[in-house]
Amino acid sequence: MSASDHLIPVVVSNVVEVNPIIKRFEFKHVNGDELPAFSGGAHIVVEMLDDGTKRKNPYSLMSSPFERDQYAISVRRDDTGRGGSKFMHEQVRPGMEMKISAPVNLFSLDLRAKKHLMIAGGIGITPFIAQMAQADKLGVPFELHYAARSVSQAAYMDSLADRFGDHVSCYCDDQGEGVDFETLLSSQPLGTHVYVCGPKGMIERVVETATHLGWPAAHVHFEHFLAPPVGEPFEVHLVKAGIDITVGAEQSLLEAVEASGTPINCMCRGGACGQCETAVVACDGEIMHNDHWLDEEQRASKQLIMPCVSRFRGKRLELDL
Amino acid sequence: MSESIIEESILSRPTYGTLKIVPGLAHYFLADASGAECVIRVVQELPRDMMDKVHILYVPTPGEAALITSLYALGANRFEHFPTIEEAVGKLGEWLSDAKMGTQLYLAGTEGLVGQGVAKGEECGLDHTAVQCEHRGSLARRVQCVHCKTMIEDVTTQPVKCPSCELLLFVRDHYSRRLAAFQGVCINAEDPTEEIEIKEVFK
């Protein structure tokens, strides 16, 4: 069982080119029904049927949690990826019917916070757009610090600054601007929670700086979805099912297991939530751990794998599935 | 003054550790006379250039001056002392209302002081992992009469008579972090004439 087993049929109600690399997609229920409620920071999984290949990628909802007649996501095009974002950019048109999962939130606001401090890098802005709508309505103080490579790539920067005024500070690399994390994190009132979504390096710098300054871990929140990386095809033996499967170059191990009809738990599909953790029965070779879930010791043990993002290279891999 | 020995009990009954300085933007201390030595122990280990991050509140035993002098001599950014826990905790709230994330709070002394410090920290937005507690001195309890809501300080007996509603209360290990008090429940509700021996148990 997983959230993406019960898919919701939707129609693409709008596709907007936000800038040369980012498009926004809006979905309505095929029957015009209200979509499930969610809170800021939630994501959905979008199923893509691309010429015989089935992909399921997670995207943060950016629409307001108070508007249930449609959902909106933004997708950054990645031409070196497995093709999910390319499919969304090239194939998805208004009027098309697709399937999405119900929303799941692994990055929600902590409602005990006296203030929400949000730090976004690039396309990591999307969950904060929904969170700001929520914080604004709840009347809790919040602040967004949004960094992007260039003005032309900074999706929604102008509209957010217009909508939320002083709550929003923007930084563009090509203008020589950057967030001074040390100063920012040294000046927050007691009871503040910090949230960061963006490139790995940015998340690491925020977490390290906050920890060094004495922020409690429970006040530091981050989300870093990984796209499953491409790689060499490999064979896997599923012990309980008694079958051998092949994982294609642009397919994830999770997708290959699903395609074989073998049951497997999953949720975020991006190496963050831990739901798809699977026991390794035998491993003669190297597991390429790409997740944020397993710790160093677990990785070294070669006894666990996260099929949503991790791959294998070697002679034989047997999984407890 | 010996180190605290608290018997294992239900989950709700607080247990305490040993103060140890952790990374932080500012370090706030609150102690009474039995906890003063804990503050002196950890603060005197700090490098001089860290002292401007240190803020100390102290509740002395009436008439005692030596520990006030020792604490003052540590050279903290701020040092203030108050005759009652209530006033010292009130001042702590004032200080914390201007404090920033990265603040660490250290509490040392009797359970009443530690518990009220914890509750004030939480009210001001401090995560419980940013609060350290070391218990010293008496095991006397701060007890709430669950019937009339009176707070009874320094309870050393089991049971204890509520000074307000005069019910005889069984002092439970059930502790409220919000109220910083153990719960006192009528011990002879079914037969108020029942005689129960009052023993001194929380020393």
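Read-outs: derived from the displayed coordinates by stated rules, not from any lab. On a predicted model such as this, the values are computed, not experimentally measured, just so you know. Every residue, glycine among them, receives a Cβ derived from its backbone with ideal geometry; neighbour counts consider all protein chains shown.
Quick check on packing: order A:23-31, A:42-50 by the mean number of other C-beta atoms within 10 Å, highest mean leading.
Answer by packing, highest mean first, reads A:42-50, A:23-31.
If you check each cysteine of chain A for another cysteine whose beta-carbon is under 4.7 Å away, which ones come up empty?
By the Cβ distance rule, which asks for a partner under 4.7 Å, the isolated cysteines are A:CYS170, A:CYS172, A:CYS197, A:CYS283, A:CYS308.
Which value results for Rg/Rh of the stretch A:234-319 when Rg is the Cα radius of gyration and Rh the Kirkwood radius based on the inverse mean 1/r?
Reported Rg/Rh (Cα atoms, Kirkwood Rh): 0.91.
Show me the helices of chain A, taken as full DSSP H stretches, that run 15 Å or more along their long axis by Cα and average -0.5 or above in Kyte-Doolittle hydropathy.
Correct list, ordered by number: A:126-138, A:200-213.
To the nearest Å, what is the center-to-center distance of the stretch B:141-203 and the stretch A:50-111, using C-alpha atoms only?
Between the Cα centres of the stretch B:141-203 and the stretch A:50-111 lies a distance of 59 Å.
Go through the stretch B:186-203 residue by residue and turn each phi into a ³J(HN,Hα) via Karplus (6.51, -1.76, 1.60, θ = phi - 60°); whole Hz please, and just put x for glycine and proline.
3, 8, 10, 4, 6, 9, x, 7, 4, 8, 10, 6, 9, 10, 7, 10, 9, 9
With the Cα gyration tensor of chain B giving a ≥ b ≥ c as the square roots of its eigenvalues, does the rule (a/c under 1.5 for rounded; else a/b larger than b/c for prolate; else oblate) give rounded, prolate or oblate?
Prolate shape, in that a/c is at least 1.5 and a/b is the bigger ratio.
With only Lys, Arg, Asp and Glu charged, each at its Cβ (+1 for the first two, -1 for the last two), find how big the charge dipole of the protein assembly as shown is about the Cα centre; round to the nearest 20 debye.
Approximately 580 debye in magnitude.
Which far-off residues, 5 or more places away or on another chain, put their amide H under 5 Å from the one on B:PHE29, with H placed in the peptide plane?
B:HIS55, B:ILE56, B:LEU57, B:TYR106
I'm a student and want to see the number: the projected area of the Cα convex hull of the protein assembly as shown, averaged over all directions, in nm².
Orientation-averaged projected area of the Cα hull: 32.0 nm².
Express the relative contact order of the stretch B:53-203 as a whole percentage, based on alpha carbon pairs under 8 Å and six or more residues apart in sequence.
17 percent
Divide by every residue of chain B the summed helix terms, -39500 (n - 2.57) for each DSSP H run of at least 4, and state the resulting mean residue ellipticity at 222 nm, rounded to the nearest 500 deg cm²/dmol.
-6000 deg cm²/dmol
Karplus couplings for the stretch A:303-308 from phi (6.51 cos²θ - 1.76 cosθ + 1.60, θ = phi - 60°), rounded to Hz, Gly and Pro as x?
9, 9, 9, 9, x, 5
Would you grab the residues whose amide H sits under 5 Å from the one on B:THR110? Only those 5+ places off in sequence or on another chain, please, with H modelled 1.01 Å from N.
When sequence neighbours closer than 5 places are left aside, the close amide H contacts are B:ASP32, B:SER34, B:GLY35, B:ARG136.
Highest mean first, what order results for B:189-202, B:84-97, A:190-203, A:172-185 on Cβ atoms within 10 Å?
Going from most to least packed, we get A:190-203, B:84-97, A:172-185, B:189-202.
Show log10 I(q)/I(0) for the stretch B:88-203 at q = 0.17 Å⁻¹, two decimals, from a solvent-free Debye sum over equal Cα scatterers.
-0.82
So in the protein assembly as shown, what percent of DSSP beta bridges are antiparallel if you round to the nearest 5?
Given both bridge residues lie in the protein assembly as shown, the antiparallel proportion sits at roughly 55 percent.
Calculate the length of the line joining the C-alpha centroid of the stretch A:167-193 to that of the stretch A:232-287, in whole Å.
Their Cα centres are 40 Å away from one another.
Run lengths n ≥ 4 of DSSP H only: what is the helix-derived mean residue ellipticity at 222 nm for chain A, with -39500 (n - 2.57) per run over all residues, to the nearest 500?
About -5500 deg cm²/dmol.
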